[in-house]
1. Go through the stretch B:1-106 and name the GluC sites (Glu not before Pro) that are in a DSSP coil and have 15 or fewer other Cβ atoms within 10 Å of their Cβ.
2. Would you kindly work out the equivalent ellipsoid of the stretch A:138-223 from its C-alpha gyration tensor and give its semi-axes, the square roots of five times the eigenvalues, largest first in whole Å?
3. 7 Å from Cα along Cα→Cβ at both A:Val190 and A:Ala55: what's the point-to-point distance in nm?
4. Could you pull out the GluC sites (Glu not before Pro) across the stretch A:120-225 that fall in loop regions by DSSP (anything but H, G, I, E, B) with no more than 10 other Cβ atoms inside 10 Å?
5. Kindly put A:Asp159, A:Asp24, A:Asp247 in sequence by how many other C-beta atoms sit within 10 Å of each C-beta, fewest to most.
6. Tell me, what is the percent relative contact order of the stretch A:233-341, built from C-alpha pairs under 8 Å that lie six or more residues apart?
7. Above 18 angstrom, tally the Cα pairs of the stretch A:215-329 and express them as a % of all pairs, no decimals.
8. When the Kirkwood radius is taken over all Cα pairs of the stretch B:1-140, what Stokes-Einstein diffusion coefficient follows at 20 °C and 1.002 mPa s, in µm²/s?
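Read-outs: derived from the displayed coordinates by stated rules, not from any lab. No experiment lies behind these values; they were computed from the predicted model shown. Cβ: placed from backbone, ideal geometry, glycine included. Neighbour counts: every protein chain shown.
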Amino acid sequence: MRTDLLTDPVDGLDEALAAVDAFDRVLVAGLLRPQPAQAAGLAALAHFVAGTPLASLVPEAADKAAAGAAGEDHLVALAAARTALMGSVHDALTDRVADVTGRPRAERSTRDTPADAPGANVLAAARAWLCDLARAGWQGIDHELVAGAGPVVSAMLPDPRLRRQATLLDGFAAELAASCPGATLEHVPVRRWADLWTRALLLTLPGAARTPAADTVTGRLLPLGVDVQEHATAVQAQVHAVLEPSDGSAPRLVRAAVSAPKPDTVVGAGLWQLLRPRMSLLGAVGEGRAVELDAMPVTAEGDLVWDDERARTGEFADPFATARVILSTATDPETAPLDRHPVGIAVPVLVEGYTAEREDDGPLTFTVAGHRLAVDTARVPAASPLSPETVAASGACLGLLRWDAGEFVLQPLAVETTVRKKTVAVHAGAWAGGTTDKVGARAEKAATDSVAVLRERAGKLLRK
Amino acid sequence: MELADGRLQGVVSSGSDIGRVYVSSIAAESYAFACSTNNNRPCGGARGTFCNHIRALVGEAVLQYGAERVARYLKAETPGGEPDAEALVSVMTGTRPEQGDASAAAPVFSRFLRHLAYLELEPTTAPLPEMQWFPATRTAA
């Protein structure tokens, strides 16, 4: 791994992000009565996409928005321009990551599948709500406006094809609700809310959220680790793994995700319990085993669409052995065009031979061959034996390379440490399939009890 | 349960009737409290001082958010050392707080019901790329 390249500046990055920031500041005050400074921000965005296919649409949209007369189509055009800019940032960063890891990139499969555009009405309602948000601005949000997302989310959630949109809107609206009223808000997460708004708006367009599983794969799946993402009312566990195809073709990096909406009181070990029954892979990961796949559906982006019927738990497979032997030869998947955003960068890497440093309560850093790499221990899930202290005492780390707040950071998935002269591995997802660990088992019991109570209440209260 | 709108508020199960729940809240600073059932009947215990539901709410909040965060949000200073649920309740009741307004109970309860219904939705295995914006955190949010 060429860690020296991680801190080298990326050409054009600052300029692209400056244009994004200029647009993002426009959304703070909203587009109802735009001020001259906002017009300048809109113009900066339009200027940046001048040489692209968006060149005719965006300047017109910027003019209309600056005049306080932006319709839905204009706001969508602005969101598209911002997405294109973030896409270019994503591409520059993934090129850099490829130089760092030295791994080959998978070829993009361009197979076309029939368009499927479910929920046109509810998506139109979502779009209308998002446009109202942009007009009000983050400083203009109140409970009444934010609550408008509720019925939209409730209508979307039962349809699994609309889960992406529903889950994003639900998390976004909850965050906005917690910050109401916007007029008294001291600190606005400007970039973050603009990110969420932009993606949510584009996902209301027909076909934008399409991730068809056009192919299938057969072979041996060697898990590397589990990454957990959650907001108050949703959770997703994503297993990163290397697939060795049985047809002898090159090994490739793939992911397998399972997600569920949840009440906000289900946390910690309760998250594993919610997801476990839907994906046998979590059990296999917990036990440190490989999985044999037979014609498992996979998307062009390397996401397995898991089906327990097509998987059989196999032999023990040490993720660190996988990382040392096969990871460097595995191909990295491509990202779907609309999903290109720096937040999506999560590339499995193995880091060894570092010295861990921590200044008092400051962030942990690894120094690898003279170069510092920040370590993000906060992303490890709550129900996990992998503590920041364990990471700080480790000698090898299997993690995800991410890009956050202007720098590359390493999210640990597992580490190797030495206990009484023996090397032991500690995994963030060790409790995914259940645990016999004393602390873990207590957490499991508490979570089981609280979900049982909730289900009982749900039975009584929802069917009255 | 949540720290929102200048209140600690949440839904607490009835001790006697499993079909009944209480919506309980304590306002920050004034500690004005309210407790009513899901059918909007006032709680019998919440007259003059905190009822058991409100006490249970404080206990749960301390478990989920940590005593310090709850104390900071409610602006309740406990004398000496680390605050705990018992100390918080005694500091707040010591100021003889007034009975608050229960009008916020309806939206809290309807949100609770909406999220309760989430338990009946099926997990899916199609990827949700947008969840990358919502990382897990070791410390409760």
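1. Values: sites: B:Glu2, B:Glu29, B:Glu60, B:Glu68, B:Glu77, B:Glu86, B:Glu98; in loops: B:Glu29, B:Glu77, B:Glu98.
Of the GluC sites (Glu not before Pro), the ones in loops of the stretch B:1-106 whose Cβ has at most 15 other Cβ atoms within 10 Å are B:Glu29, B:Glu77, B:Glu98.
2. Rounded to whole Å, the semi-axes are 32, 16, 12.
3. The answer from the label model is 3.0 nm.
4. When the GluC sites (Glu not before Pro) of the stretch A:120-225 are filtered for loop state and at most 10 Cβ neighbours within 10 Å, A:Glu186 remain.
5. Numbers: A:Asp159 13, A:Asp24 24, A:Asp247 7.
Going from least to most buried by this count: A:Asp247, A:Asp159, A:Asp24.
6. Relative CO of the stretch A:233-341 lands at 28 percent.
7. Every Cα pair in the stretch A:215-329 considered, those over 18 Å come to 48 percent.
8. Roughly 131 µm²/s, to the nearest whole number.
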